[in-house]
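Note sheet for the following structure.
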Amino acid sequence: MKLSDVLIRCLMEEGVDTVFGYPGASVISIYESLRISQIHHVLVRQEQASVHSASGYARITNKAGVCVATSGPGATNLITGIATAYMDSIPIVIITGQVKSTLIGRDVFQEVDITGATQPFIKHSYLLKDPQQLPKIVKEAFYIAKTGRPGPVLIDIPMDLQEEQINYSYPKDIKIRGYKPTVNGHIGQIKRAIRLIKNSKKPLICAGGGVILSGAQYELEEFVQKSNIPLVHTLMGVGVMPTKLSLNFGMIGSHGFNHSNWAIRNADTILFIGVRKADRAIANAGKLNENTNIIHIDIDPAEIGKITSATVPVVGDAKNILKELLDLIEYTDTEDWKKEIKSKIQIKEEIHQDGFVNPKLVIRELSNLLDDNAVIVTDVGQNQLWTVRNMEMRGDRRVLCSGGFGTMGYSIPASIGASIGDKGKQVVSILGDGSFQMSLFELSTLKQEDVKPIIVLFNNSGLGLVREIQRNGDSKEYGVCLNYNPNFIQIAHAYGIDSKTINKKEDISSSIKEAIESNRPYLLEFIVSDNESTL
C-alpha cells in the first residue's frame with residue numbers, strides 16, 4: 001500500500017471519523033488518500049483553528065482529536081494550538097507534512113523543524129524516517145496521547161515518503177519502553193490519606209481538570225457526600241460537581257471567590273485531586289498554612305511537589321483512587337468548619353447602567369434557559385470569568401476553555417469541534433470583542449459544517465481584562481481600547497448568520513430565547529460598559 005493510504009487506514013483503525021485540517025503541497029498525497037476514505041475532513045480557515053477544533057472535539061467525545069497541516073508556515077501556525085492543548089492535557093494527534101527527506105536540513109522552501117520547535121510543549125513527537133514504521137508510530141501516538149496524563153503528539157511525515165509502498169500490518173498491542181503510566185494508587189498511601197482526613201478538623205477537597213479528564217465526577221460527588229467534606233475547585237475544575245450542592249464552595253484563584261480562597265488558606269488538611277496547583281489557582285489564593293497537611297492525587301508524578309510539597313503523594317488515575325477512598329472514608333463532622341467558610345461569603349452590589357447590559361445578568365439568564373447538557377465554550381478574558389463565576393453547573397453541562405495557556409481565539413473553533421463531536425448538544429460560544437476578532441474567520445467553517453452554536457459576544461470596545469488589571473494596579477490604561485471595532489452584526493450577516501444587538505436589560509431574556517428557538521447559528525452582541533469588572 002502507498003504510505004499515505006496506510007496513514008488513513010491506521011487512523012480508521014483508531015476509530016477516527018473526523019479530521020480538522022488545512023492542505024498544502026507537502027500533504028497532497030495525504031489529502032488524496034483522505035478524499036477517498038470514509039473520514040470526514042473539516043476545512044478550517046487557519047491552521048491554529050484546526051488544533052482548537054480538535055480540542056473541542058476531543059473534550060466532548062473523549063477521543064483523541066486529529067488535525068493535519070502542511071510544512072513550514074502551516075506547521076508553525078499550529079504551535080499556539082499545540083501549546084494550548086498541552087497545558088490543558090487534551091489528547092490530540094497532529095500530522096504535519098515535511099519537505100523531502102533528502103532535503104531536510106538544507107533550508108529549502110517551507111522547511112521548518114516542527115518537532116524541535118514544539119519540543120517544550122508537546123507530550124511526544126516523531127519525524128518519520130523509515131516508512132515501514134508508520135503503523136507502529138501511529139499506534140504509539142494515539143496510545144501516548146490518550147493514556148497517563150493526556151496530551152498532544154505530533155507525527156511529521158516527509159512528502160517523498162508519503163508515496164512509498166510498504167507491506168501494511170497494524171499492530172494489535174503496544175509496548176513502549178519507559179512509558180508505563182501508573183493508574184492505580186498505592187494502597188498504603190491511600191490509607192495514610194484516610195488517616196489524615198480522619199484526624200482533621202478543617203478538611204478541604206480541591207478538585208481540578210484531572211477529575212473531568214478521568215471521568216470521575218460521579219465518584220467525586222459520592223466521596224464528598226459520604227465524607228461531608230467541603231469542596232473548592234480550580235478554573236479547569238468547573239463542573240466537577242453541581243453548583244448548588246451545599247458542599248460545593250466554588251472556584252479558587254486570582255478570579256475565584258473570596259470565601260473559597262479563604263478556605264484553602266485556613267484548611268488544616270487539603271485533598272488535591274487532579275490539580276496542577278498552578279500559580280493563578282494556588283499562589284494567588286494566598287500562602288497556604290505551613291502546617292497544612294497536603295494530600296495530592298495526580299496521574300502525573302511530575303506535578304506532585306512541583307509547587308507545594310505533599311504530605312501524602314498518591315500517583316494514579318483520579319477515578320480509580322476515588323473508588324478506593326470511597327471504600328475507606330467515613331462521615332466527618334464539618335458543620336462548624338462549613339459555617340466558618342460561609343461567613344466569608346461576600347455579595348457585591350451590581351450596577352445596571354442605561355445603554356448597557358450587565359454581563360453577569362446575561363450569563364445567569366443564559367444559565368436558566370440552556371439545556372442541562374449544554375456545552376459552554378468560553379474564550380479568554382472577562383468573558384471567561386463572568387461565565388465561570390455565574391453559570392450554574394447542573395446535569396451534564398460542560399464548560400470548555402483555555403485554562404493553562406489563556407489563548408484568545410479559542411472559543412469559536414473549539415465550539416465548532418464540540419458541535420461536530422456531538423450534534424445533539426446545545427453549544428454556546430462566549431467571547432469578547434477582542435477574542436472574536438482573533439477567530440471570526442471560522443464563521444465560514446461554522447456555516448460550511450452546518451453546526452448551530454449560539455455566539456454570545458460581549459462588546460466593551462476594548463481588551464477588558466487587561467484594562468481592568470491596569471486600572472487596579474499602578475499602570476496607566478494604555479493599548480487596550482478597540483476604538484475601530486467593525487460592525488459585528490454586518491459581519492455575521494456577511495456569513496449568513498442571524499444576529500442582534502442588545503443594550504437593554506429588558507431584552508436579555510427574549511433575545512436569548514429567540515436565538516435558542518431559531519435552531520440556527522445566531523450571534524448575540526451585548527453592549528457592555530467598560531467599567532464592568534470581573535468580580
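Collect the residues in the range 437-448 that are within 18 Å of THR407 (Cβ to Cβ) and open to solvent by 70 Å² or more (accessible area, probe 1.4 Å), keeping them in residue-number order.
Scanning the range 437-448 gives GLN437, MET438.
Residue by residue through the range 242-252, note down the ones that are in a loop (DSSP other than H, G, I, E, B) and surrounded by 23 or more Cβ atoms within 10 Å (Cβ to Cβ).
Listed by number, the list holds a single entry, ILE252.
Could you pull out the residue among GLY239, GLY253, GLY215 that is touching a residue at least 12 places away in the same chain (Cβ under 8 Å) and closer than 17 Å to ILE282 by Cα?
Sole residue among the options that is touching a residue at least 12 places away in the same chain (Cβ under 8 Å) and closer than 17 Å to ILE282 by Cα: GLY253.
I'd like the full set of residues that are modelled with pLDDT of 95 or more, assigned to a loop (DSSP other than H, G, I, E, B) and either over 18 Å from VAL93 (Cα atoms) or of a type outside the set (Gly, Ala, Ser) (or both), limited to the range 150-175.
PRO150, MET159, ASP160, GLU164, ILE166, ASN167, TYR168, SER169, TYR170, PRO171
Out of (1) under 20 Å from VAL138 (Cα atoms); (2) in contact (Cβ under 8 Å) with a residue 40 or more places away in the chain, the odd one out for GLN38 is which?
(2)
Considering VAL428, VAL456, VAL451, VAL466, which residue is within 22 Å of SER402 (Cα to Cα) and in a loop (DSSP other than H, G, I, E, B)?
The conditions single out VAL451.
Within the range 60-79, is even one residue within 15 Å of SER402 (Cβ to Cβ), assigned to a helix (DSSP H, G or I) and under 21 Å from the mean Cα position of the chain (by Cα)?
Yes: the range 60-79 contains one or more residues that are within 15 Å of SER402 (Cβ to Cβ), assigned to a helix (DSSP H, G or I) and under 21 Å from the mean Cα position of the chain (by Cα).
Anything in the range 301-345 that is open to solvent by 80 Å² or more (accessible area, probe 1.4 Å), part of a helix (DSSP H, G or I) and closer than 14 Å to GLN225 by Cα? List them, or say none.
LYS323, ASP327
Out of the range 102-125, which residues are in a helix (DSSP H, G or I), open to solvent by 50 Å² or more (accessible area, probe 1.4 Å) and not aliphatic (A, V, I, L, M)?
THR102, GLN119, PRO120
So which residues in the range 497-519 are surrounded by 12 or more Cβ atoms within 10 Å (Cβ to Cβ) and either of a type in the set (D, E, K, R) or not in a helix (DSSP H, G or I) (or both)?
ILE497, ASP498, SER499, LYS500, THR501, ILE502, ASN503, LYS504, LYS505, ASP507, LYS513, GLU514, listed by residue number.
What tally of residues in the range 369-404 results from selecting those that are in a strand (DSSP E or B) and open to solvent by less than 10 Å² (accessible area, probe 1.4 Å)?
Residues flagged as in a strand (DSSP E or B) and open to solvent by less than 10 Å² (accessible area, probe 1.4 Å) within the range 369-404 amount to 5.
Is it the case that some residue within the range 183-196 is open to solvent by 30 Å² or more (accessible area, probe 1.4 Å), within 22 Å of LYS277 (Cβ to Cβ) and not in a helix (DSSP H, G or I)?
yes
Kindly list the number of the only condition in (1) hydrophobic (A, V, I, L, M, F, W, C); (2) in contact with a Phe, Trp or Tyr (Cβ under 7 Å, 6 or more places away or on another chain); (3) within 21 Å of MET438 (Cβ to Cβ) that fails for VAL357.
Of the numbered conditions (1) hydrophobic (A, V, I, L, M, F, W, C); (2) in contact with a Phe, Trp or Tyr (Cβ under 7 Å, 6 or more places away or on another chain); (3) within 21 Å of MET438 (Cβ to Cβ), the odd one out for VAL357 is (3).
Got a number for residues in the range 69-101 being surrounded by 20 or more Cβ atoms within 10 Å (Cβ to Cβ), small (Gly, Ala, Ser) and touching a strand residue (DSSP E or B) at 6+ places or on another chain (Cβ under 7 Å)?
6
Does SER214 satisfy being among the hydroxyl-bearing types (Ser, Thr, Tyr), modelled with pLDDT of 95 or more and open to solvent by less than 10 Å² (accessible area, probe 1.4 Å)?
no
Suppose we keep only residues that are under 29 Å from the mean Cα position of the chain (by Cα) and part of a loop (DSSP other than H, G, I, E, B) within the range 478-495. Which one would you say is farthest from ILE455 (Cα to Cα)?
GLY479
Do we find a residue being at pLDDT 95 or above and within 22 Å of PHE436 (Cα to Cα) anywhere in the range 1-16?
no
Can you pull out the residues in the range 278-300 that are in contact with a helix residue (DSSP H, G or I) (Cβ under 8 Å, 6 or more places away or on another chain), modelled with pLDDT under 85 and outside any helix (DSSP H, G or I)?
The answer is ILE282, GLY286, LYS287, LEU288, ASN289.
Checking the condition more than 22 Å from the chain's Cα centre (by Cα) and either under 30 Å from TRP386 (Cα atoms) or open to solvent by less than 10 Å² (accessible area, probe 1.4 Å) (or both), which residue from ILE205, ILE229 passes?
Of ILE205, ILE229, the one residue that is more than 22 Å from the chain's Cα centre (by Cα) and either under 30 Å from TRP386 (Cα atoms) or open to solvent by less than 10 Å² (accessible area, probe 1.4 Å) (or both) is ILE229.
Take the residues of the range 126-139 that are open to solvent by 10 Å² or more (accessible area, probe 1.4 Å) and of a type in the set (A, V, I, L, M, F, W, C): which is nearest to VAL6 (Cα to Cα)?
The selected residue is ILE137.
Considering only residues that are open to solvent by less than 40 Å² (accessible area, probe 1.4 Å), outside any helix (DSSP H, G or I) and closer than 18 Å to LYS100 by Cα, which ones fall in the range 1-32?
Of everything in the range 1-32, just one residue is open to solvent by less than 40 Å² (accessible area, probe 1.4 Å), outside any helix (DSSP H, G or I) and closer than 18 Å to LYS100 by Cα, namely GLY24.
Run LYS172 past the list (1) of a type in the set (Lys, Arg); (2) under 20 Å from ALA145 (Cα atoms); (3) open to solvent by less than 70 Å² (accessible area, probe 1.4 Å) and report the number of the one that doesn't hold.
Looking at each condition in turn, LYS172 falls short on (3).
Given the residues ASP88, ASP107, which is the only one that is free of Cβ contacts under 8 Å to residues at least 40 places away in the same chain and of a type outside the set (Ser, Thr, Tyr)?
Of ASP88, ASP107, the one residue that is free of Cβ contacts under 8 Å to residues at least 40 places away in the same chain and of a type outside the set (Ser, Thr, Tyr) is ASP107.
The values are calculated or read from the model by the stated rules, or taken from the named source; none is laboratory data. Since the structure is predicted, the reported quantities are computational estimates derived from the model, not experimental observations. All Cβ positions, glycine included, derive from the backbone under ideal geometry; neighbour counts span all protein chains shown. When the accessible area is computed, the model is the full protein with side chains, heavy atoms only, and any ligands, DNA or RNA have been set aside. Shrake-Rupley method; radii C 1.70, N 1.55, O 1.52, S 1.80 Å.
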